[in-house]
1. Tell me the residue from Ala233, Ala212, Ala198, Ala222 that is hydrophobic (A, V, I, L, M, F, W, C), surrounded by 24 or more Cβ atoms within 10 Å (Cβ to Cβ) and either on the phi < 0 side of the Ramachandran plot or at pLDDT below 95 (or both), please.
2. Sort through Asp118, Asp19, Asp68 and tell me the only one that's at pLDDT 85 or above and either surrounded by 21 or more Cβ atoms within 10 Å (Cβ to Cβ) or more than 26 Å from Asp196 (Cβ to Cβ) (or both).
3. If we scan the stretch 180-197, do we find a residue that is in a helix (DSSP H, G or I) and without any contact (Cβ under 8 Å) to a residue 24 or more places away in the chain?
4. Count, please, the residues in the stretch 152-179 that happen to be touching a residue at least 24 places away in the same chain (Cβ under 8 Å) and over 27 Å from Thr133 (Cα atoms).
5. Scan the stretch 223-244 for residues that are under 15 Å from the mean Cα position of the chain (by Cα) and more than 17 Å from Leu127 (Cα to Cα) and jot them down.
6. Applying the selection to the stretch 142-168, what residues are more than 19 Å from the chain's Cα centre (by Cα) and of a type in the set (A, V, I, L, M, F, W, C)?
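The values are calculated or read from the model by the stated rules, or taken from the named source; none is laboratory data. Not measured: the values here are computed from a predicted model. Positions of Cβ are backbone-derived with ideal geometry, glycine not excepted, and every protein chain shown enters the neighbour counts.
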Amino acid sequence: MAPRGRSETLLVTTVTAGDRARRPDELIVEEPMTVQLDGTVVSTTMRTPGHDYELAVGFCFTDGLLADAPVLGVRYCANGSAVGSEFNVVTVETGGRAPAPRPRLGNTTSSCGLCGNDAIDELCDRLLPLPDTAPIPMEVLHAVPDHVAAAQGLFDATGAVHAAAAFTPTGEVLLTREDVGRHNAVDKVVGRLLLDGALPATGLGLFVSGRASFELVQKAWAAGFSTLVAVSAPTALAVHTARRAGLVLAGFVRADRLNVYSPERLAP
């Protein structure tokens, strides 16, 4: 048995101008995945299957659970077979080098990764302001959504997933990941970069296909990205956090316009 596909075809009824028809429709798959760190459960999140190792590693990194400990291995299930857990349990292993993890209370949904002021303060207080880097040209930021769109195959097929992508100051898209959860897509990008030894992502930009919430800003900050580009709006807390981090935050990015929320004033 192999991991399930990321989409499933079902028969649906479409209504167009009063006419009804039965046709196949491709729907995104959403399943729970439990993340373990050195055998301890730290989260269960609803995600789109695929790039599960990256998601688990990225989550542990951006949540500060690794505390600079190296990832020595990643595998499905720690106490049995991958088939037995239906490929829905992933264990990140540091050989005990990471601090003893503290399990989260409750589950992580595909739309929200954390709650509570204490959790927010804890995530931000451990991070230092980002180093100064050369700004990414505005024309590059304008063009990023179109560049990433070419790699959004799951969205083209289902219309039901978010995308995250890492890109260079020249606009080259280094990698793109899709998931039903916005934060999951970002964690998959961060996890891939970590496994490739490419963190911190100093000077790089991070694209997200939805709104820029606090959590996405925090994950970009933790990974060392210099710029976060979103096609929708940020929240007020996201803007305050980006300014605290020294992260350039742009929203409503289109080919002909964008809003820059952080820093408060742009250089000439």
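1. Ala212
2. Asp19
3. To start, the set of residues in the stretch 180-197 that are in a helix (DSSP H, G or I) comprises 182-195.
Filter once more, keeping what is without any contact (Cβ under 8 Å) to a residue 24 or more places away in the chain: none.
No, that holds for no residue.
4. Counting residues in the stretch 152-179 that are touching a residue at least 24 places away in the same chain (Cβ under 8 Å) and over 27 Å from Thr133 (Cα atoms) gives 11.
5. Val229, Ala230, Val231
6. Matches in the stretch 142-168: Ala143, Ala157.
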